[in-house]
């Protein structure tokens, strides 16, 4: 069926597909799989620079979404190095932490970055004794012999979001990445004829594994954007360029707001294009039920919500074929063991009883880089302790929140901040909100709502409490209300709740 097909090198195995098919579409042009393979192999050869194997040298990648990013990431893997993808729009202290923690020796950058950023990076790399280079100067004229990469070799270090502690370097092996990708290929029905946009940050598992690696592994077309640009992206959607769409809840909210601003004709052209896609996926943060229902009403698409994290890739997913429940993250993926444990570390075998999610399988990361203590503390009898609390309801898992930040212990109750937030978001005046527990002498932790209102709206705590009375149990109703212009979010759209708990913020 496929002509001129070939297998990826052992460091990035794949199904066979037509070499002349388009692998990447970017603002700078298109690259076929044949072109891309050659470019990646030349990059790997250039990185080796006469060596037979990089032997897990850590090489940083500070490049926006582009063919250069893909060339560098896969080039490092094929040469036997460990790729350390960094946020191209990250603050310098964050970049410095990652470079230092991962003990990076070389940093591949894009010269189209802001001039001041390039200068600052030069100074930083000089101070850290890191060689700074570009793709153009590294590419070899001719691809040379590349090493065979064993599945157990380390392939990548991604840094956690740092919402609950200092970002840690999560080490994934080639075997881990293979397990994460191949599981999703089957679970979400990936096909070589698929086409998907990639506008998510390329220093997170969502963009790297769920979109880029899955697309390239199966032989699909990946349209890479340097950043999220609404008008450009929606133009491509309207032209029906994509069969798949994956985003975070914040992006879906922005798209809904954008669509509501259009005239009926333009809105219909875009919503019907979304309806024609075979799958829309939401992840990286909880998808509120309100958003789930809004998206379905507007586009006809039932969002597929899933659960994952840097350390495991994806662990749970609503089914591609089957019921997708609003507010739930579905069932364990094939090859992934998932279970709930109580505070004493005992397995919970009953439904409707909350517990910590623990995961095991080939998808689970190897270690935290250079942090044996954190690695040891994160595992219990072979299970990775996610720190997230969930409950099983008729077989499906529902995330209650992160045990350290989203589970509020108030008046003897364990409350899910995510559940309360989901209800508050149905308020006509509320644009976005976050609920946290603030230390309180009476309640232990007092339920506190941080709210950004829609334009021109006002809201008082008594008004909010009155509204909540018919919508949630009394002990869940916020005891404090803080109005904000916007909520602090990280690159993946997650609210940085520790910032809301800083002393004095309620003053």
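The values are calculated or read from the model by the stated rules, or taken from the named source; none is laboratory data. Note that the structure is predicted; figures quoted are calculated from it, not measured. Positions of Cβ are backbone-derived with ideal geometry, glycine not excepted, and every protein chain shown enters the neighbour counts.
Data overview
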| item | result |
| --- | --- |
| Out of 273, 264, 297, 328, sole residue that is in contact (Cβ under 8 Å) with a residue 24 or more places away in the chain and either surrounded by fewer than 18 Cβ atoms within 10 Å (Cβ to Cβ) or in contact with a helix residue (DSSP H, G or I) (Cβ under 9 Å, 6 or more places away or on another chain) (or both) | 273 |
| Total residues in the range 451-469, condition under 20 Å from residue 414 (Cα atoms) and in a loop (DSSP other than H, G, I, E, B) | 1 |
| Residues that are surrounded by fewer than 22 Cβ atoms within 10 Å (Cβ to Cβ), in contact with a helix residue (DSSP H, G or I) (Cβ under 6 Å, 6 or more places away or on another chain) and at pLDDT below 85, drawn from the range 399-441 | 405, 411, 413 |
| From the options 426, 486, 448, 442, residue that is in a loop (DSSP other than H, G, I, E, B) and in contact with a strand residue (DSSP E or B) (Cβ under 8 Å, 6 or more places away or on another chain) | 486 |
| Output for the range 229-243, where each listed residue is in a loop (DSSP other than H, G, I, E, B), closer than 15 Å to residue 200 by Cβ and out of contact with any strand residue (DSSP E or B) (no Cβ under 8 Å at 6 or more places or on another chain) | 229 |
| Residues of the range 353-374 that turn out to be out of contact with any helix residue (DSSP H, G or I) (no Cβ under 9 Å at 6 or more places or on another chain), over 13 Å from residue 337 (Cα atoms) and crowded, with 17+ Cβ neighbours inside 10 Å, as a count | 3 |
| Selected residue [assigned by TED's automatic domain parsing to the domain that holds residue 134, surrounded by fewer than 20 Cβ atoms within 10 Å (Cβ to Cβ) and within 28 Å of residue 197 (Cβ to Cβ)] from 83, 91 | 91 |
| Test: residue in the range 412-423 that is assigned to a strand (DSSP E or B), over 25 Å from residue 284 (Cβ atoms) and not assigned by TED's automatic domain parsing to the domain that holds residue 327 | yes |
| Yes/no for residue 473 being surrounded by fewer than 14 Cβ atoms within 10 Å (Cβ to Cβ), closer than 25 Å to residue 409 by Cβ and not assigned by TED's automatic domain parsing to the domain that holds residue 257 | yes |
| Subset of the range 70-107 (residues that are over 23 Å from residue 143 (Cβ atoms), in a helix (DSSP H, G or I) and more than 22 Å from the chain's Cα centre (by Cα)) | 100 |
| Residues within the range 17-69 that are under 18 Å from residue 193 (Cβ atoms), assigned to a loop (DSSP other than H, G, I, E, B) and either without any contact (Cβ under 8 Å) to a residue 24 or more places away in the chain or in contact with a helix residue (DSSP H, G or I) (Cβ under 7 Å, 6 or more places away or on another chain) (or both), tallied | 4 |
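Each row is one residue, and each column tells you yes or no for (1) modelled with pLDDT of 95 or more; (2) under 22 Å from residue 330 (Cα atoms); (3) surrounded by fewer than 22 Cβ atoms within 10 Å (Cβ to Cβ).
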| position | (1), (2), (3) |
| --- | --- |
| 177 | yes, yes, no |
| 183 | yes, yes, no |
| 186 | yes, yes, yes |
| 190 | yes, yes, no |
| 198 | yes, no, no |
| 201 | no, no, no |
| 215 | yes, no, no |
| 225 | yes, no, yes |
